[in-house]
Amino acid sequence: MDDVEVPQYFICPISLQIMKDPVTAITGITYDRESIEHWLFQSKNITCPVTKQPLQKDSELTPNHTLHRLIRAWCTENASYGIDQIPTPKTPLNKAQVLKLLKDFWHPQLQLKIIRKLELLAVEKEGNRKYMVEAGVANAMLFFITNRCYKNDQVDGLEEALSILHFVRISSEELNRHFMENNQIIDSLTWVFGCEMENQITVSTYAVLVLKYIIQKANSSVLETLNPDFFKKLVGVLRNGVTEQGMNAALHVMLDACPWGRNRIKMVEVGAVHELIELEFGAPEKRTTELIFGILFHLCSCADGRAQFVSHKGGISVVSKRLLRVSPAADDRAVLILSMICKYSGTNLVLQEMLEVGAVARLCTLIQVDRPPYLKGKAREILRSHYEEWKNCRCLGNSLYPK
């Protein structure tokens, strides 16, 4: 192939390879379909790579049949030089095809076959998802999960439906319309956590990812009415194991629910404080720690939450050990947690524990390093308020008063 000069207009400007499925963008530039779709959908770019003109995700990509024929003919002529023939491109998906699949989907005999086909299309490429959204696939999957799987306690097709919902997102308007017509959407998703399936971790991960999206898009009335069983099942997901992505999604859901006082009380009642501390002992990644500390901060704003926190032998220790070792965001939450514990639950035993596990030393160090003034001020406030109890600690020194 090194002896053959490839015509320049056969080469995709993005991949710099011979185009297999040339398509022309509205800017007049031709690209290989796979490359330009990856540029637009995966890399989230909004300009033409060559002209730098605006190019939106929903821009039409027109198959360049003439160029495709020329490339195939050239490949055939140069086969003796090791040039492989390019395959005939598949016909791109369109809305009419998706609507036909959805129509067939409601026939019981075809349901599993169609739902697997829809999942393959959703996973294959983001370009397909545009037509799946327009055809109402997300609505159909939500209806299928709530009215077929949940109500009939059946799991056939459940994993595929959740996978599709993860990739093909439902709009906020459609979602809130569903909530008005059916109040079992959230119950049906948390029901998944208790299903006994071969791929339980994968299925639970899909369910909690969909739940995260739904909670973020739902209006405040939905968040205000979450019941204790919802939080019990969510905490159960953290306890029983799920993928890292699923774990962070579950933590996101809990954090999004925290602004409502009733939700914080419900979380505390189902043992969330204990589970979050145990989870943090596993030394998770940075983002997970930030989420855990964010939730603990909210839960420690109520008396029962603080009581659970100080009753756990490792609560103060694990928060203290993460100070200055994770991120500025984690430092912020950690200092505020310790501040609330000291202010409202600062018994002699608690203050002694803070000294023994190194919390006092960490606060002193924080004052000396490059951290925001407000955070240093909060650390000084903690140290000053309990100076009498900690005055024999060597690290205090000049930490309490700025130079």
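The values are calculated or read from the model by the stated rules, or taken from the named source; none is laboratory data. Just so it is clear, the model here is predicted, and its values are computed rather than measured. Quick reminder, even Gly has a Cβ in these numbers, built from the backbone with ideal geometry, and neighbours come from all protein chains shown. Surface accessibility is based on the protein's heavy atoms, side chains included, excluding ligands, DNA and RNA. Shrake-Rupley method; radii C 1.70, N 1.55, O 1.52, S 1.80 Å.
Under 27 Å between alpha carbons, and skipping anything fewer than 8 positions from K212 in its own chain: which lysines qualify?
Within reach: K44, K57, K117, K125, K130, K151, K232, K233, K266, K286.
Which order do peptides 256-265, 45-54 fall in by mean Cβ count within 10 Å, highest first?
My ranking of the peptides, most packed first, is 256-265, 45-54.
Charges at C-beta only: +1 for Lys and Arg, -1 for Asp and Glu. How large is the resulting dipole of the stretch 164-236 about its Cα centre, in Debye rounded to 20? Display every interim value, and only then the final one.
Working: 6 positive and 8 negative charges, 44 e Å.
Magnitude of the dipole: close to 220 debye.
Give me P(r) over the stretch 271-402, computed from all C-alpha to C-alpha distances, binned every 10 Å, as integer percentages.
Spelled out per bin, shortest first, that is 13, 48, 33, 5, 0.
Taking springs between alpha-carbon atoms closer than 10 angstrom, which of K232, K20, K130 fluctuates most in the Gaussian network model of the chain?
Result: K20 has the largest fluctuation of those listed.
Can you work out the accessible area per residue across the stretch 34-79, with the rest of the protein chains kept in place, probe 1.4 Å, in square angstrom?
Heavy-atom accessible area per residue stands at 62 Å².
From the residues N64, S339, A272, which one has its Cα farthest along the dipole of the chain in the positive direction, the dipole being from +1 and -1 charges on Cβ of Lys/Arg and Asp/Glu about the Cα centre?
Sorting the options by dipole projection puts first S339.
Can you give the charge dipole size of the stretch 94-245 about its Cα centre, rounded to the nearest 20 debye, using +1 on the beta carbon of Lys and Arg and -1 on the beta carbon of Asp and Glu?
Value, rounded to 20: 360 debye.
Which one, T76, M247, S188, is farthest towards the positive end of the dipole of the chain when Lys and Arg carry +1 and Asp and Glu -1 on their Cβ?
M247
At most 14 other Cβ atoms within 10 Å and a DSSP loop assignment: could you name the GluC sites (Glu not before Pro) in the stretch 1-38 that fit? Before the final figure, lay out each step's value.
Numbers: sites: E5, E34, E37; in loops: E5.
Hits after loop and neighbour filter: E5.
For every helix of n ≥ 4 consecutive DSSP H residues, a contribution of -39,500 (n - 2.57) applies; sum these over the chain, divide by its total residues, and give [θ] at 222 nm rounded to the nearest 500 deg cm²/dmol.
Values: 23 runs with 242 residues, N = 403.
Helix contribution divided over all residues of the chain: -18000 deg cm²/dmol.
Please give the FRET efficiency for A303 paired with E381, using the beta carbon to beta carbon distance and R0 = 22 Å, rounded to the nearest 0.05.
Step by step, r from the Cβ atoms, then E = 0.60.
Please name whichever of P22, H298, F143 sits farthest to the positive end of the charge dipole of the chain, dipole taken about the Cα centre and charges placed at Cβ: Lys and Arg +1, Asp and Glu -1.
H298
What part of the accessible area of the stretch 255-386, given as a whole %, is carbon or sulfur when the probe is 1.4 angstrom?
It is 53 percent, rounded to a whole number.
Any idea how far the Cα center of the stretch 213-237 sits from the one of the stretch 60-106, in Å?
With the stretch 213-237 and the stretch 60-106 each reduced to a Cα centre, they are spaced 45 Å.
How many Å² of accessible area per residue for the stretch 94-245, probe 1.4 Å?
Counting only protein heavy atoms, the per-residue value for the stretch 94-245 is 48 Å².
For the stretch 8-81, give the magnitude of the charge dipole about the Cα centre (Cβ charges: +1 Lys/Arg, -1 Asp/Glu; no others), in debye to the nearest 20.
Roughly 80 debye for the stretch 8-81.
Please flag any cysteine in the chain that has no other cysteine's Cβ under 4.7 angstrom from its own Cβ.
Within the chain, the cysteines lacking a partner Cβ under 4.7 Å are C12, C48, C75, C149, C195, C258, C300, C302, C342, C393.
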